[in-house]
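What follows is a single structure, written as structure tokens, with notes after it.
The values are calculated or read from the model by the stated rules, or taken from the named source; none is laboratory data. Being a predicted model, the structure only gives us computed values, none of them experimental. For neighbour counting, all protein chains shown are included, and Cβ atoms are generated from backbone atoms with ideal geometry for every residue, glycine included. Ligands, DNA and RNA are stripped out before the accessible areas are found, and what is left, the full protein with its side chains, is counted by its heavy atoms. Shrake-Rupley method; radii C 1.70, N 1.55, O 1.52, S 1.80 Å.
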Amino acid sequence: MKIEKASPTDIVLALAGNPNTGKSTIFNALTGLKQHTGNWPGKTVTNAQGHFIHRGKPFLLVDLPGTYSILANSPDEQVARDFICFGKPEATIVVTDATNLERNLNLALQIMEITSDVVVAVNLLDEAERKGISVDLSKLSAELGVPVIGTIAREQKGLTELKDIVDDIVMKKLQLKPYQIRYSAGIEERINQLSLKLEKILRGKINARWVALRLLDGDETIIESIEKYLLPSSIDLRGEIASW
Ligand SMILES: Nc1nc2c(ncn2[C@@H]2O[C@H](COP(=O)(O)OP(=O)(O)OP(=O)(O)O)[C@@H](O)[C@H]2O)c(=O)[nH]1
Ligand SMILES: [Mg+2]
């Protein structure tokens, strides 16, 4: 996928989330563009890109397809994953549905395994209120270790605060400590062994722990994408891994 920066100084942001959580509504409100919105899933098939200025800085926002996970089980998931891993976004906004947080946070946790630079937007707060659901945003933020902003995108509520936080993340003004899932001792040991080996090849270009997890899960697509986007063609990652 090509990233269309208006200028090289554009700050790239990703907009991720489950289907139908209001990503495109946020995208349109921020960029002034008219990405199609509607209440059926899977409308955003390509990555729409748009610009906005906030606090005097130029941002490039990329509206990713809605997915329940980024484990690359479908082309949409792979597009979303590859952009978060290789599109070098300086922050990722994870848009969640306040009426269905438990399911939505699964994706947020997966993204937080890849990158620390995450803000969670809890959208559809009006719908939640109608259903008698209240969300303790500050407690959620404390648990997740990343900022959480409540929004009602259709009414443009919370969006300035969201932009402020994104800028704070990009400017490294916040201490982010994203919650990391810990696996059983045996798996953690394998993760550590693999991470050490991977780090020598990946050299901080991508989170080695996360790559190790994907490999343990038998995910071949991550090797292809790393070879395609991150490594010089002289390095044979697949061959290296096969030799371990
Ligand atoms: N009540 C309410 N409706 C909202 C809010 N935000 C978005 N919507 C509506 O929810 C529907 C889905 O919004 P979209 O912006 O298309 O959602 P999306 O996440 O881009 O969906 P996909 O591209 O399919 O993943 C639309 O009908 C929006 O108008 C909100 O805060 N409150
Ligand atoms: Mg959309």
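A compact table of results
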quantity	calculated
Derived scalar couplings ³J(HN,Hα) [region 77-86; Karplus, 6.51 cos²θ - 1.76 cosθ + 1.60; whole Hz; x for Gly, Pro]	5, 5, 4, 5, 4, 4, 5, 5, 7, 10
Gain upon complete extension [I181, L33; 0.36 nm per residue less C-alpha separation]	49.6 nm
Antiparallel content of DSSP bridges confined to region 15-159, in %, to 5	40 percent
Relative contact order of the chain, defined on C-alpha pairs under 8 angstrom at six or more residues apart (%)	16 percent
Among beta bridges that DSSP assigns inside region 94-244, antiparallel share in %, nearest 5	10 percent
All-pairs alpha carbon distance profile, region 162-244, 5 Å steps from 0, percent	3, 12, 21, 20, 13, 13, 11, 6, 1, 0
Protein accessible area in the chain, 1.4 Å probe - carbon and sulfur %	51 percent
Å² of accessible area per residue within the chain, as computed with a 1.4 Å probe and no ligands counted	50 Å²
Stretchable slack from N100 to T9, in nm (0.36 nm times residue separation minus alpha-carbon distance)	29.1 nm
Relative packing of peptides 200-208, 69-77, 236-244 - highest average C-beta neighbours within 10 Å first	69-77, 200-208, 236-244
Sequence-distant lysines (8 or more away, or on other chains) whose Cα lies within less than 29 Å of K57	K2, K5, K23, K34, K88, K157, K163, K172, K173, K177, K205
Alpha-carbon radius of gyration plus Dmax, which is the widest Cα pair, for region 11-170 in Å	14.1, 40
Region 46-138: relative contact order in percent, alpha carbon pairs under 8 Å with at least 6 residues between	21 percent
Computed [θ] at 222 nm, helices only, for the chain once each DSSP H run of length n ≥ 4 contributes -39500 (n - 2.57)	-12500 deg cm²/dmol
